[in-house]
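The values are calculated or read from the model by the stated rules, or taken from the named source; none is laboratory data. Not measured: the values here are computed from a predicted model. Quick reminder, even Gly has a Cβ in these numbers, built from the backbone with ideal geometry, and neighbours come from all protein chains shown.
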């Protein structure tokens with residue numbers, strides 16, 4: 001079984017789907033990111049991840065996975081129940097670019 005340095009349960013959202021805790025999961029290691037939301041499973045190679053950025057829109061707060069893949073929803077958003085600081089620090093330690101803020105796009 002694969003060891004994931006980053007593993008967090010929470011909620012999530014894509015372009016067409018939304019779920020609250022604990023129906024989403026974000027896992028990451030130095031090579032890939034795994035995002036699960038309800039019955040959907042999105043795996044991104046490290047080269048496909050542009051950055052992680054704090055997402056803020058009206059009352060929504062989350063961590064957005066900005067990616068290069070045209071075959072995935074543009075919006076991949078994870079809502080952490082553990083707080084964002086630790087999650088962002090762990091992703092940075094794995095070498096991912098993490099930005100503090102971004103606006104809804």
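Tabulated values for the structure
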| quantity | calculated |
| --- | --- |
| Members of region 85-105 that are under 12 Å from the mean Cα position of the chain (by Cα) and either in a helix (DSSP H, G or I) or modelled with pLDDT under 90 (or both) | 87, 88, 91 |
| Residues that are surrounded by 12 or more Cβ atoms within 10 Å (Cβ to Cβ) and touching a helix residue (DSSP H, G or I) at 6+ places or on another chain (Cβ under 7 Å), drawn from region 1-46 | 5, 6, 8, 28, 32 |
| Top-ranked residue of region 75-84 - restricted to ones that are in a loop (DSSP other than H, G, I, E, B) and in contact (Cβ under 8 Å) with a residue 12 or more places away in the chain, ranked as nearest to residue 94 (Cα to Cα) | 82 |
